[in-house]
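The values are calculated or read from the model by the stated rules, or taken from the named source; none is laboratory data. On a predicted model such as this, the values are computed, not experimentally measured, just so you know. In this analysis, Cβ positions are derived from the backbone assuming ideal geometry, glycine residues included, and neighbour counts consider all displayed protein chains. Note: areas computed on protein heavy atoms with side chains; ligands, DNA, RNA excluded. Shrake-Rupley method; radii C 1.70, N 1.55, O 1.52, S 1.80 Å.
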Amino acid sequence: MPTTDGCLFTGPCPFRALRDAEAPGRLLARLGVGSGGFVSFPSLFYHTPQAGLAQTEAALALEGPGVWLHGTTHPLRNERAQPHWGQPGSRVRTLLLAPDLHHYPLEEPRVARVVEHAAQAGLPVVLLRRVGDRRLAPDWLALEETPLERLCQWVQSAPPCRLVISQLTPHEAATLADECASRPGLYLELGGFAGPEGSFAELLARGDFTRWLYGSGAPLHYALGNRHALAEAAGGFARFNTHAQEVYGS
């Protein structure tokens, strides 16, 4: 059983009705997970992401300690990690970038400066590849994604940090593992998207890259089917739980 789900969503969703999206503690209980990293919908869709994040933090005031947040940040709007993030009592444990949703290139120099600042603050950096399955999204959310080749180049050249690439397909995960295995501190997340039968097993059997994390994408995704397939391929969740502890502290 996973002790940590590194990618869940919370708050009012602007394009779908989602069960338990505004009750993150209840969602964790339904999934049988002790700790979850939540991406705030307001932080993704407000003009100023950190204003939406602050609204979500306030809304979660009565939730248990297993509910924590990714700190969505827009480098081109002069946002950076806040001093209280990652500190005792703060729900925010990471700095999250959503370049395709927020329409900026990863090569923009302000992105590197924000990543460097987060690393100096001891925060992991999470790059959110996508928000749900684009086949089920409204037209305005069917975004053009950063080409995989450019993403690999950025991963290899980004400032030193604990770096998580979240919500990958198995094909993308395999490509990043092939191209970026030597990148120190890189973690790749599985669980949100399935591939052909056996794709999880192929990924997890490789010896050149081993730093895998689990993130379901719930409640945008039906989490349990992929989780069962991943657990069967991995022989349980021990390795995912160990890496979650390394990155998120839970």
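Do you know which residues across segment 68-98 are among the small types (Gly, Ala, Ser) and modelled with pLDDT of 95 or more? Full working, then the answer.
In the first step, residues of segment 68-98 are kept if they are among the small types (Gly, Ala, Ser); the result is 71, 81, 86, 89-90, 98.
Passing the criteria: GLY71, ALA81, GLY86, SER90, ALA98.
In segment 213-235, is there at least one residue being open to solvent by 70 Å² or more (accessible area, probe 1.4 Å), modelled with pLDDT of 95 or more, more than 15 Å from VAL33 (Cβ to Cβ) and over 17 Å from the mean Cα position of the chain (by Cα)?
Let us first name the residues in segment 213-235 that are open to solvent by 70 Å² or more (accessible area, probe 1.4 Å), namely 222, 228, 232, 235.
Still in the list and also modelled with pLDDT of 95 or more: none.
No, there is no match, as no residue in segment 213-235 is open to solvent by 70 Å² or more (accessible area, probe 1.4 Å), modelled with pLDDT of 95 or more, more than 15 Å from VAL33 (Cβ to Cβ) and over 17 Å from the mean Cα position of the chain (by Cα).
Given GLU107, GLU145, which one is acidic (Asp, Glu) and farther than 25 Å from PHE9 by Cβ? Give the steps one after another, and end with the answer.
Details: GLU145 fails: farther than 25 Å from PHE9 by Cβ.
After ruling out the rest, the residue left standing is GLU107.
Tell me, yes or no, whether segment 92-106 has at least one residue that is over 27 Å from ALA223 (Cα atoms), aromatic (Phe, Trp, Tyr) and free of Cβ contacts under 8 Å to residues at least 60 places away in the same chain.
Within segment 92-106, one or more residues are over 27 Å from ALA223 (Cα atoms), aromatic (Phe, Trp, Tyr) and free of Cβ contacts under 8 Å to residues at least 60 places away in the same chain.
Kindly list the number of the only condition in (1) out of contact with any helix residue (DSSP H, G or I) (no Cβ under 8 Å at 6 or more places or on another chain); (2) in contact (Cβ under 8 Å) with a residue 60 or more places away in the chain; (3) not basic (Lys, Arg) that fails for PRO124.
Going through the list (1) out of contact with any helix residue (DSSP H, G or I) (no Cβ under 8 Å at 6 or more places or on another chain); (2) in contact (Cβ under 8 Å) with a residue 60 or more places away in the chain; (3) not basic (Lys, Arg), PRO124 breaks only (1).
Within segment 205-229, work out how many residues are in contact (Cβ under 8 Å) with a residue 40 or more places away in the chain and either more than 29 Å from ALA119 (Cβ to Cβ) or in a strand (DSSP E or B) (or both).
8
Confirm whether VAL39 is under 22 Å from ALA119 (Cα atoms), touching a strand residue (DSSP E or B) at 6+ places or on another chain (Cβ under 6 Å) and among the hydrophobic types (A, V, I, L, M, F, W, C). Steps first, please.
Values: under 22 Å from ALA119 (Cα atoms): yes; touching a strand residue (DSSP E or B) at 6+ places or on another chain (Cβ under 6 Å): yes; among the hydrophobic types (A, V, I, L, M, F, W, C): yes.
The answer is yes for VAL39.
This table checks each residue for (1) touching a strand residue (DSSP E or B) at 6+ places or on another chain (Cβ under 9 Å); (2) among the basic types (Lys, Arg); (3) closer than 20 Å to ARG77 by Cβ.
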residue	(1), (2), (3)
HIS117	yes, no, yes
GLY132	yes, no, no
PRO138	no, no, no
GLU145	no, no, no
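Within segment 1-97, considering only strands (runs of 3 or more DSSP E) that don't extend past its boundaries, which have at least 2 residues that are among the aliphatic types (A, V, I, L, M)? Working first, answer last.
Numbers: elements: 4-10, 35-40, 67-72, 92-97.
Answer list for segment 1-97: 67-72, 92-97.
PRO99: open to solvent by 20 Å² or more (accessible area, probe 1.4 Å) and not charged (D, E, K, R), yes or no?
Working: open to solvent by 20 Å² or more (accessible area, probe 1.4 Å): no; not charged (D, E, K, R): yes.
It is false that PRO99 is open to solvent by 20 Å² or more (accessible area, probe 1.4 Å) and not charged (D, E, K, R).
Return yes when GLU197 is within 22 Å of ARG77 (Cα to Cα), in a loop (DSSP other than H, G, I, E, B) and open to solvent by 50 Å² or more (accessible area, probe 1.4 Å) and no when it is not. Don't jump to the end; show me each part of the working.
On the way: within 22 Å of ARG77 (Cα to Cα): no; in a loop (DSSP other than H, G, I, E, B): yes; open to solvent by 50 Å² or more (accessible area, probe 1.4 Å): yes.
The answer is no for GLU197.
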